[in-house]
Amino acid sequence: MPRLLADDTFLRLCRAREFLAASFHQRVTLEQAASRACFSPYHFHRLFAQAFGETAHEFVSRLRLQDAKRRLAADHESITEVCFNIGYESLGSFSSRFHATVGLSPSKYRSEIRKVFGFSAPWRVVFVPSCFLHMFGVPQPQDSRSDRLSSGATLVSKETK
């Protein structure tokens with residue numbers, strides 16, 4: 001069973017995690033992240049994994065790959081540009097990490113996204129009145145957020161250029 005952390009320790013780790021999240025596209029060393037939390041690199045590495053269930057490196061890699069998937073779906077950049085813009089220094093390491101995590105190569109992922117959505121930028125969101133969606137058989141939300149969602153539901157829309 002994991003040991004609970006003291007409040008100040010957890011806050012310091014959160015500060016370092018926010019720093020990593022804000023600069024995931026840049027090269028950040030373990031020492032730089034650890035200094036944000038005022039820990040030694042070894043102690044920081046151990047506590048970060050204990051607190052968040054993943055190492056700082058795994059956290060940054062996950063953020064980079066999430067951004068890569070978004071960028072690949074947008075189709076505004078080449079795969080090489082995506083690789084370098086998210087912080088990888090080698091196309092080979094990016095491609096192998098992407099394939100190991102996602103299960104598809106970056107180019108295959110891009111083509112599969114196009115097959116599913118039929119256009120680029122599938123995360124673009126527009127709001128459609130829920131009464132209009134109800135006419136087409138989309139049920140009204142039943143969860144605690146229904147008050148907030150009652151004015152509209154989200155749908156994917158084609159990006160305008």
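The values are calculated or read from the model by the stated rules, or taken from the named source; none is laboratory data. Bear in mind the structure is a predicted one, so any value in this text is a computation, not a measurement. Methodologically, a virtual Cβ is constructed for each residue, glycine included, from the backbone with ideal geometry; neighbour enumeration extends over all protein chains shown. When the accessible area is computed, the model is the full protein with side chains, heavy atoms only, and any ligands, DNA or RNA have been set aside. Shrake-Rupley method; radii C 1.70, N 1.55, O 1.52, S 1.80 Å.
For region 14-25, backbone phi angles converted through the Karplus equation (6.51, -1.76, 1.60; θ = phi - 60°) give residue-by-residue couplings of 5, 4, 5, 5, 5, 4, 5, 5, 6, 10, 5, 7 Hz, Gly and Pro being listed as x.
Of the listed residues LYS108, LYS115, the order by accessible area with a 1.4 Å probe, largest first, is LYS115, LYS108.
Tally up the carbon and sulfur contribution to the accessible surface of region 1-100 as a whole percent, 1.4 Å probe, everything protein left in place. Please list the in-between numbers first.
Numbers: 3160 of 5800 Å².
Carbon-and-sulfur percentage of accessible area, whole number: 55.
The trypsin sites (Lys or Arg not before Pro) of region 1-83 that meet both conditions, a loop assignment by DSSP and at most 15 other Cβ atoms within 10 Å of the site Cβ, are ARG3, ARG27. When you filter the GluC sites (Glu not before Pro) in region 2-89 for DSSP loop state and at most 12 other Cβ atoms inside 10 Å of their Cβ, you are left with GLU89.
Extending 7 Å from the Cα toward the beta-carbon at both ASN85 and LYS115 defines two label points whose distance is 2.5 nm. With the whole protein complex present, PHE24 retains an accessible surface near 40 Å², based on a 1.4 Å probe. The label-point distance for ALA22 and VAL102, in a model that sets each label 7 Å from Cα toward Cβ, rounds to 2.8 nm. Calculated accessible area for region 48-98 comes out at 45 Å² per residue, all protein chains present (probe 1.4 Å; ligands, DNA, RNA ignored).
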